[in-house]
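Before any comments, here is the structure.
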């Protein structure tokens, strides 16, 4: 039986946000080190609690295999310094070298034999290296030692276990000697725990009030919380990030539900939820019928004797103080809006710099307002509504609530717009104009929201292109890739028909350019940036980059909706047998035609005449091209790309038959020219749908 390895690094509390990565880092450092030393294993798994990192490695070899290596050295008559250097690099002495015949005389060979090493010896080296070089984001020293750890490291458990029992790996790191003992819960357990295997370790920890697996702790918290809420006709607001964090704060989770004071029920639910999450790490409990947050769930790291009454009393007292602050901010903001309006609240933004080269937030809002008015008719929005929405959409940035909780920007804008009686569509635009924030975020659909969201993102992009602050490599400090993807999703999600180049050029004029040529170049570069983002977006939908390139080469490529409709139709066509075979027929025709044009020094682009057709297949191709032309032209004019692609794909069979039956380069020069002009018709008709020369394969 191969031994299993159990490691535990026991310390003061590890921050919850660091635990998952630390678990992965420990597994990586140890298993990579074992593998480099020739010690293979079957499986490795890691765990973390606030006070420990644990690694179990199953099926470890008892010894690393012996290694025999032959290394070729210099010639036997080489200078002494060359031979001495070889001896040092190989780690051998002169009498261990072997002289062997080679093509150019005799050369030295070093035969290096390394015997296998016991697992315990290798584990000790690897673990010490892992501990001393652990990549904590922040670490500290303590006492008089030089060892660094995220918090003071108190003990190391390191044992190998097989059928004969467990043995401690001899290891001493700055006076911390490895053993077979650990500790249970800080408050609920007393004394050290001796363990003999991972199963014994996990079971004894559970009896000592420690749940080792963070996923098990999270599941327990969620199940307990949802059952408590359900019993009272309520529901817990799901928050996976908070759940993972809380699971990293406790070793023995005890779930308690508390009350929120009636004085705070008038606060927006998002305020209650954010305040409780940020300050107290509480889960919000919601009344599904009213949408109000009515209670909270907290998780203790102890078994309270009074059922949690004292803990909840303390939590509710601290929570009341926090929510009193939030209530004060809310009421002050509403008072400001009553006194000066939402415009007045936002007036302070003239003193807030957006970017030193792009002016204040107020300057930016003025640009967005003007652009939103221009975009409004393109998206079916009322121009005055779009302009008003843009003018007040960032006013909440001046509010006390958003100053305290920046993540509520937009959400508070909606509440403040409603309090100012500005109308539901304007209130919605205040919240939705930031969206979509990511590939899975919702896309605004209300016309005013769409107009302001587009204006906001286009102003950002044209502005940063104007000052040459474009993304480079993986660096994108102003989230410009996200802004471009947001424009793409807004346009496609709402079927907006707009020439992107004209829109970008029109808005770019508000920025100071060195000359008109610089602006033109920047707009072309920005449009290319949009196309790159579009390729990434469509790739996730299964559309290849070469299909998009084939459509980008066509007229109207800056109309993103038109472009994507064409690309989707082409992608679907190429998935069919006719479409795939037509592509090969087109490429064959194009290659023959291109070679003939280069050889003859002329362009075969007109003059194909059916009266010179000899074979039936040749006559049939003339008829098929006429029929396709009659369908494709009106279909393209009406943007019915599916019909155009279908008509093009129908050429597959007559083109294949033509190539099988007809010799293009006939001896009769009239026939040859006519057939080359016929190939030109194939090329022209296919290229009127998409640039098939850009399709790979």
Completion exercise
How many residues of segment 601-633 are under 16 Å from residue 566 (Cβ atoms) and out of contact with any helix residue (DSSP H, G or I) (no Cβ under 7 Å at 6 or more places or on another chain)? The answer is 1
Fill in the blank from the handout: Checked pairs for segment 219-230, first touching a residue at least 24 places away in the same chain (Cβ under 8 Å), second surrounded by fewer than 17 Cβ atoms within 10 Å (Cβ to Cβ) and not in a helix (DSSP H, G or I), C-beta under 7 Å and 6 or more apart or across chains, list as 229/235
Exercise for the section: Using the structure shown, decide if residue 20 is closer than 24 Å to residue 154 by Cα and in contact (Cβ under 8 Å) with a residue 24 or more places away in the chain. Expected result: yes
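Going through 236, 255 one at a time, which residue ends up being under 35 Å from the mean Cα position of the chain (by Cα), closer than 21 Å to residue 291 by Cβ and surrounded by 14 or more Cβ atoms within 10 Å (Cβ to Cβ)? Walk me through it before giving the result.
Numbers: 255 fails: closer than 21 Å to residue 291 by Cβ.
The unique qualifying residue is 236.
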Problem - All positions within segment 361-406 that are over 31 Å from the mean Cα position of the chain (by Cα) and not in a helix (DSSP H, G or I) - result: 380, 381, 382, 399
Exercise for the section: Could you please find all residues in segment 656-671 being in contact with a helix residue (DSSP H, G or I) (Cβ under 8 Å, 6 or more places away or on another chain) and closer than 18 Å to residue 605 by Cα? Expected result: 664, 665, 670, 671
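From the list 477, 444, which one is farther than 21 Å from residue 379 by Cβ, assigned by TED's automatic domain parsing to the domain that holds residue 377, within 24 Å of the chain's Cα centre (by Cα) and assigned to a loop (DSSP other than H, G, I, E, B)? Reasoning before the result, please.
Working: 444 fails: farther than 21 Å from residue 379 by Cβ.
After ruling out the rest, the residue left standing is 477.
Listed residues 423, 359, 380, 344; which is surrounded by fewer than 20 Cβ atoms within 10 Å (Cβ to Cβ) and touching a strand residue (DSSP E or B) at 6+ places or on another chain (Cβ under 9 Å)?
Working: 423 fails: touching a strand residue (DSSP E or B) at 6+ places or on another chain (Cβ under 9 Å); 380 fails: touching a strand residue (DSSP E or B) at 6+ places or on another chain (Cβ under 9 Å); 344 fails: touching a strand residue (DSSP E or B) at 6+ places or on another chain (Cβ under 9 Å).
Among 423, 359, 380, 344, only 359 is surrounded by fewer than 20 Cβ atoms within 10 Å (Cβ to Cβ) and touching a strand residue (DSSP E or B) at 6+ places or on another chain (Cβ under 9 Å).
If we only count strands (runs of 3 or more DSSP E) wholly inside segment 1-96, which ones have 2 or more residues that are modelled with pLDDT of 95 or more and in contact with a strand residue (DSSP E or B) (Cβ under 7 Å, 6 or more places away or on another chain)?
Values: elements: 4-11, 43-49, 52-58, 67-75.
Strands (runs of 3 or more DSSP E) meeting the threshold: 4-11, 43-49, 52-58.
In this structure, does residue 341 turn out to be part of a helix (DSSP H, G or I), outside the structural domain of residue 463 (by TED's automatic domain parsing) and under 23 Å from residue 478 (Cβ atoms)? Steps first, please.
Details: part of a helix (DSSP H, G or I): yes; outside the structural domain of residue 463 (by TED's automatic domain parsing): yes; under 23 Å from residue 478 (Cβ atoms): no.
Here the answer is no, as residue 341 does not meet what is asked.
The values are calculated or read from the model by the stated rules, or taken from the named source; none is laboratory data. No experiment lies behind these values; they were computed from the predicted model shown. Positions of Cβ are generated from backbone atoms using ideal geometry, with glycine treated the same way; all protein chains shown enter the neighbour counts.
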